Amino acid sequence: MATINPFRSALAQLERAASFITVAPGTLAQLRTPKRTVQVAVPVRMDDGTTRVFDGYRVQYNDARGPFKGGIRYHPDANLDEVKALAFWMAMKCAVADIPFGGGKGGIRVDPKKLSVGELERLTRSYTRLLKDVIGSRRDVPAPDVYTTPQIMAWIVDEYAKIMGHTDLAVVTGKPLALGGSLGRETATGDGGFIIFEELAKKLKLKPKDTRVVVQGLGNVGYYLALRMHDAGYRVVGLSDSKGGIWDKQGLGMNPREVLQWKKKTGTVVGFPDTKSITNEKLLELPCNVLVPSALENQLTGKNAKRVKASVILEMANGPTTPDADDIFRKKKVVVIPDILANAGGVTVSYFEWAQNLQGVSWTEDVVRKQLQEKMTVAFNEIWKTAEQHATDLRTAAFIVAVQRIATAMELRATA
Ligand code: GLU
């Protein structure tokens, strides 16, 4: 099967949104392509004394509203078109959340699970040296993404400080708490998704006990989202990781804490007591009310969308649904809460972290939570209203809001 190019999907989403509104042709032309694309060859001295070279990327998509912002992904399938799409979605996401950032993304084509801690550190420092002229707290602020961690952010802070001759904590976000990180950042993406979901649940009058939830992916994002759902009384009946999935056929629901303990002990969620093993593909088609893709792109496609049973899809991953799957969901009246809204909690708390670093202050967890709640609720209501105004779906509405905000900034600055 030919792989689906995520950047092509991103552009299709842009064109669809643009067809609902008036955007100056020169502005739209700029939105169709990243402002700057950096491609690097990242040399790493391996533990056995040999040197390997990994492909690295940083795509700076748009900075009309503020510095470029977005994570760095370490993944064996990372490639330029994927990073371009992810950078585009970051620009849109920051506009949806109404935080003063543009959008960017980085990636290294590497399987970090096959590297030692020392190799991972040298890889990160090497990549940082290559990007030293394009990143910076006022220029482009990276953060964690798939398979990158607070420790990796700490290495970036240190390498960047060595080059600059002083420490600038705001050069990256998602740092460890003891090194300028923010309270609430670790759980932020899951928390934000849950806040958005609860707003929708109010509109649709969903009752936790009668609502079965399936979550694909048990990384930082999927885990905290599943946990918030479970703690609020929703029934988490399906979970998965990269090795496979589990299904609680009885439908009572699992406690994600226990599942994570099991995964830590055995290396996978598969085999968790009283569940049936299931593939990641079949997991997406389980009988449930809410499906939460929290792993990678292109999970819901023209091929499997018709078999999806959920009536709500909460996109915690970036780009999990292709445009042809979207067409099917629109016809089936499945409510898709788009990634650029559903998972914007992560970058929103990244913004709080950056703002704290620049001011040299640190907020309490309570302040972070309240501010996140406020930002996410406002974003949800604006997008809901826009969807009603244009009689369209939430994804199109989110892109309409984002494109209008970015286009306004570009036109005020006269970048066209
Ligand atoms: N990687 C996350 C995302 O896709 C967070 C980005 C950030 O905090 O800058 O939204």
Check your understanding: What would the Debye formula give as log10 I(q)/I(0) at q = 0.13, 0.23, 0.25, 0.26 Å⁻¹ for the alpha-carbon point model of the stretch 291-366, no solvent?
Key -> -0.48, -0.95, -1.08, -1.15
Study note, to complete from the structure: Largest-first semi-axes in Å of the equivalent ellipsoid built from the Cα gyration tensor of the stretch 229-325 are 22, 15, 12
Check your understanding: How far is the Cα center of the stretch 225-239 from the Cα center of the stretch 28-74, in Å?
Key -> 35
Practice item. Kindly sort 115, 225 by accessible area of their heavy atoms, largest first, with the probe set to 1.4 Å. Key: 115, 225
Check your understanding: To the nearest Å, what is the center-to-center distance of the stretch 154-204 and the stretch 313-369, using C-alpha atoms only?
Key -> 13
Point to revise | Largest to smallest principal axis extent of the C-alpha atoms in the stretch 10-151, angstrom | key: 58, 28, 22
Review point. Based on the alpha-carbon gyration tensor of the stretch 1-75 and its eigenvalue square roots a ≥ b ≥ c, which shape applies: rounded if a/c is under 1.5, prolate if not and a/b is larger than b/c, or oblate?
Key: prolate
Review point. What are the trypsin sites (Lys or Arg not before Pro) within the stretch 307-416 that DSSP puts in a loop, where the Cβ has at most 13 other Cβ atoms within 10 Å?
Key: 333
Exercise for review: Have a look at the DSSP beta bridges in the chain and tell me what percent are antiparallel, nearest 5.
Suggested key: 50
Review point. For the stretch 258-275, in order, what is each residue's ³J(HN,Hα) by Karplus, 6.51 cos²θ - 1.76 cosθ + 1.60 with θ = phi - 60°, in whole Hz (x at glycine and Pro)?
Key: 5, 5, 5, 4, 4, 5, 5, 6, 10, x, 7, 6, 4, x, 4, x, 6, 10
**Study point:** Neighbour cut-off at most 11 other Cβ (10 Å), DSSP loop, trypsin sites (Lys or Arg not before Pro), the stretch 190-264
**Key:** 205
Exercise for review: With a/c under 1.5 counting as rounded, go ahead and sort the stretch 171-273 into rounded, prolate or oblate using the C-alpha gyration tensor (a ≥ b ≥ c being the square roots of the eigenvalues; past the cut-off, prolate if a/b is larger than b/c, else oblate).
Suggested key: oblate
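What does the charge count near residue 8 come to, summing +1 for each Lys or Arg and -1 for each Asp or Glu among other residues with Cβ under 12 Å from its Cβ?
Values: positive: 32, 84; negative: 15, 81, 82, 297, 324.
Local net charge: -3.
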Practice item. Give the value in nm², to one decimal: projected area of the alpha carbon convex hull of the stretch 10-54, averaged over all directions. Key: 4.7
Revision key, fill the gap. For the chain, the percent of all C-alpha pairs falling in each 20 Å bin, from 0 up to the bin holding the max distance, is 28, 60, 12, 0
Review point. By how many nm would the segment from residue 132 to residue 373 grow when fully extended, if each residue of separation counts as 0.36 nm and the alpha-carbon distance is taken off?
Key: 83.3 nm
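Where does each of 30-43, 163-176, 73-86 land if you order them by average Cβ count within 10 Å, highest first?
Packing proxy ranking, top to bottom: 73-86, 163-176, 30-43.
The values are calculated or read from the model by the stated rules, or taken from the named source; none is laboratory data. All of these numbers come straight from a predicted model, not from anything done at the bench. Neighbour counts run over all protein chains shown; Cβ positions are idealised from the backbone, glycine included. Side chains included, ligands, DNA and RNA excluded: accessible areas come from the protein's heavy atoms. Shrake-Rupley method; radii C 1.70, N 1.55, O 1.52, S 1.80 Å.
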